[in-house]
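See structure below.
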Amino acid sequence: MDGLMANFAGTCDHVTIKAILILILILIYVVSWGQKWHRFQNISTCVKIEDRGHWASKTEFLLAVAGNVVGMGNVWRFPYLCYKNGGGVFLVPYVVFVVTCGIPLFLLETAMGQYTQEGGITCWRRICPLAEGIGYAGQLIQLYGMCYMMILAWALFYLTFSFSSELPWASCNNPWNTDECNVAGRNLTLNGTQHSNSTSAATEFWEHRVLSISNGIEETGKVHWEVLLCLTAVWIICYFCIWKGVKSTGKVVYFTATFPYVMLLVLLVRGLTLPGALEGVVFYLYPDPEKLLDPQVWMEACAQVFFSYSTCVGMLTVLGSYNTYNNNCYRDCFMLCLLNSCTSVVAGFAVFSVLGFMAHEHGKPIAEVAESGPGLAFIAYPQAVAMIPLPQLWAVCFFIMVILLCVDTQFTAIEGIVTSVTDVFPRVLRGARRREIFLLLFCIICYLTQIIMVTEGGMYWFQLYDYYACSGACLLFLSIFQSLTIGWVFGANRLCNIIQDMTGSYPNVVFRLCWKYLTPLASLVTFIYYLVELQPLTYNRGYVYPDWAYGFGRLMSLSSIVLVPAWALGRLGTTKGTLKQLGTKCCSTECTRQCPQDNALKSSGKSSLDSTDRYSKRINNKKKIQKQDKLYLIALL
């Protein structure tokens with residue numbers, strides 16, 4: 001068996017290259033088939049298509065978007081990145097990328113959805129048919145992101161144990177503990193010997209009780225049935241949160257999007273009253289100006305903005321598509337972006353105040369107890385909570401917050417995929433019963449594919465998906481083409497005019513500069529640096545994945561990236577005409593969405609845009625706008 005694995009590893013690179021080429025050919029074929037199906041759907045106009053529906057109120061939209069963008073990344077990733085990359089200095093590159101990438105892309109995607117009233121795929125068909133691959137790539141990344149349902153399952157598992165009379169991760173008197181187990185730096189084994197390689201009780205609970213982790217990804221091992229039961233429960237919860245579409249989603253978010261803030265406030269107040277909390281907060285924000293010269297800091301700030309703002313995957317487009325045409329998405333954009341970033345900063349105070357307390361109690365530097373990702377949520381924070389009076393109460397509060405932060409992110413992501421696919425095949429899937437059946441099948445298929453992640457080797461698979469399939473490189477790649485398509489093909493000025501027509505407010509000139517220059521440039525530079533500095537994935541700084549796993553991970557990353565050029569090639573290959581005709585057919589908009597005023601003006605031959613003085617003024621002063629763009633660009637440079 002070892003010889004076979006060695007031979008397979010030796011030929012992994014060749015297999016990966018062949019697999020990529022085969023994947024490209026398959027994608028081009030699928031694209032061609034999709035083009036034919038789309039034309040067939042256009043011909044079959046005799047079938048009545050049910051209305052997509054809208055949010056019952058503006059509040060539902062705001063809460064749904066807030067629930068989607070505010071997730072565990074705000075709690076377990078941003079605070080760690082902040083302290084690791086210079087404390088308060090990290091806010092400088094973070095704000096730069098928020099202004100140049102986060103807010104412009106947020107507004108772009110929300111406005112696209114509200115204007116076209118389409119999901120993450122078909123909106124591109126109406127904006128620029130040649131760029132429809134961007135929509136497919138975004139949905140594929142979201143599909144890979146279904147692996148984050150495991151975080152919900154683990155959090156639910158911890159929540160059930162939080163009601164125990166003694167928290168199981170607070171002692172070493174459990175069957176899964178080893179001789180190296182210790183609590184708060186004190187060895188609690190029977191022989192009383194202190195081991196140099198001792199591990200905390202919280203770490204052993206995570207690795208031996210929750211994960212039952214094996215020695216490597218090759219050792220799949222047995223299914224952990226308790227975690228599988230938790231995974232089943234969270235999938236059922238997510239299904240019923242969205243099974244009626246926006247009608248049910250809009251009601252659920254009133255609780256799932258607001259209650260985490262109550263829990264966060266409670267944990268923040270409790271954390272700040274603990275001894276050592278001040279040292280933790282100072283450690284969190286203490287500035288190190290030299291970090292600004294490190295390119296790695298800027299790359300991580302950019303990646304954090306893309307992850308926390310949920311851009312480039314079509315989710316904002318889907319949520320915006322359920323708005324009424326005249327909703328003020330321009331104002332909503334600023335409100336939601338401010339909420340997202342402020343939540344990240346406040347969450348850092350809640351996390352590091354407790355970590356400061358734990359470091360104070362252990363007599364260790366805070367750097368030794370601070371972790372990121374699952375290590376923070378399932379090892380460091382539970383360990384700290386176990387040292388606070390009434391630990392069960394605070395553990396319950398923390399894991400309820402984790403579950404609610406994750407659940408609305410996940411069910412809105414599922415809603416995004418289902419809506420996008422339904423809009424591609426409206427005559428087949430749109431309708432109450434058909435949509436519910438499709439949603440059920442989607443949930444079952446995703447659930448079955450995640451069973452491998454509840455085995456003894458499941459954590460290795462989870463990290464493989466997280467590191468490669470949902471990597472920041474994929475989002476950066478889509479950001480480049482998305483902003484270039486809107487900025488240059490569709491037209492940045494045209495999108496600004498559309499936003500003005502919908503909201504009555506004309507976007508600031510900075511947005512046009514970002515869509516045309518700053519966003520694609522910042523994304524491209526970060527994308528190149530990301531690829532240059534990309535390191536092979538390891539687990540727990542020790543386990544090295546086999547070559548075939550790296551090949552599989554790269555294949556997942558490329559699968560979403562390749563979709564963009566593959567769709568463009570397929571579109572060009574299936575469109576007949578001269579080169580000029582190809583450009584006209586593949587790049588011209590198919591969007592025919594009209595304003596409410598259009599019906600009254602249609603008979604006179606005027607458009608709703610001509611009916612507004614502000615829009616006519618913008619058109620007449622087009623040269624003046626372009627001159628402003630150049631002046632702002634020169635000033636920024």
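The values are calculated or read from the model by the stated rules, or taken from the named source; none is laboratory data. Note that the coordinates shown come from a computational prediction; the quantities given were computed from them, not determined experimentally. In this analysis, Cβ positions are derived from the backbone assuming ideal geometry, glycine residues included, and neighbour counts consider all displayed protein chains.
Tabulated values for the structure
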read-out	value
Which listed residue, of K58, K36, K48, is charged (D, E, K, R) and at pLDDT 90 or above	K58
Search result, residues across the range 221-247 that are more than 21 Å from V454 (Cβ to Cβ), in a helix (DSSP H, G or I) and in contact (Cβ under 8 Å) with a residue 60 or more places away in the chain	C241, I242, V246, K247
Residue within the range 302-322 that is over 13 Å from the mean Cα position of the chain (by Cα) and not in a helix (DSSP H, G or I) present	yes
The range 353-372 residues that are among the aromatic types (F, W, Y), paired with ones that are assigned to a loop (DSSP other than H, G, I, E, B) (beta carbon under 9 Å, 6 or more apart)	F357/L274; F357/P275; F357/G276; F357/M387; F357/I388
Number of the condition not met by T189 [criteria: (1) under 19 Å from S483 (Cβ atoms); (2) modelled with pLDDT under 90]	(1)
Residue within the range 534-547 that is surrounded by fewer than 19 Cβ atoms within 10 Å (Cβ to Cβ), without any contact (Cβ under 8 Å) to a residue 60 or more places away in the chain and of a type in the set (D, E, K, R) present	yes
Selected residue (only one of I414, I480, I444 is at pLDDT 95 or above, among the hydrophobic types (A, V, I, L, M, F, W, C), more than 19 Å from V564 (Cβ to Cβ) and surrounded by fewer than 23 Cβ atoms within 10 Å (Cβ to Cβ))	I444
